[in-house]
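Scroll down for the structure; my scribbles are underneath it.
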Amino acid sequence: YVIKGLAKATTLSADHDVCVAAGDHVLCTSTDGTGKKPTDTVVPEPVKQLASTGMKVCARGDSGKVYCWGGRGTSDKPEAVAGVEGVVDLDADITGICAVTAQGVMCWGGGDRMGMPEAPTLIKIDY
């Protein structure tokens, strides 16, 4: 599937959907072969990085804020994740989302079923 108009894409994420970002626009399309039209979501600032976990998509903006949308209990419009700022890296998988900040690693979004906190929580990592 070709998403037209993304010659200036800066980042992508591929899970159940493929999402690419150019500026403050994030286009996502399904990889299930149904040929659904891509969704175009506008994030409040230019996107530096994307991470997706099934139905939920998160974007790290130029300012280091993280915006998420889609998925269980989340708006279809990007919302800033409270308490998560100064993010320098972002990743996601089926268990939830994690962000690297100056304070350390913060993770959230998995709920009880995955053992990941629902609200952003600083995770202690022993080296």
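Given the Cα-Cα distance of LYS37 and GLN103 and 0.36 nm per residue of separation, how much length would full extension add, in nm?
That pair, LYS37 and GLN103, stretches by 19.8 nm at full extension.
Please list, in chain and number order, the residues 5+ apart from VAL105 or on another chain whose amide H is under 5 Å from its amide H, with Hs placed from the backbone.
Residues meeting the criterion, in which the H sits 1.01 Å from N, are ILE123.
Values in this text are rule-based calculations from the coordinates and carry no lab data. Please read these numbers as outputs of a predicted model, since none were measured by experiment.
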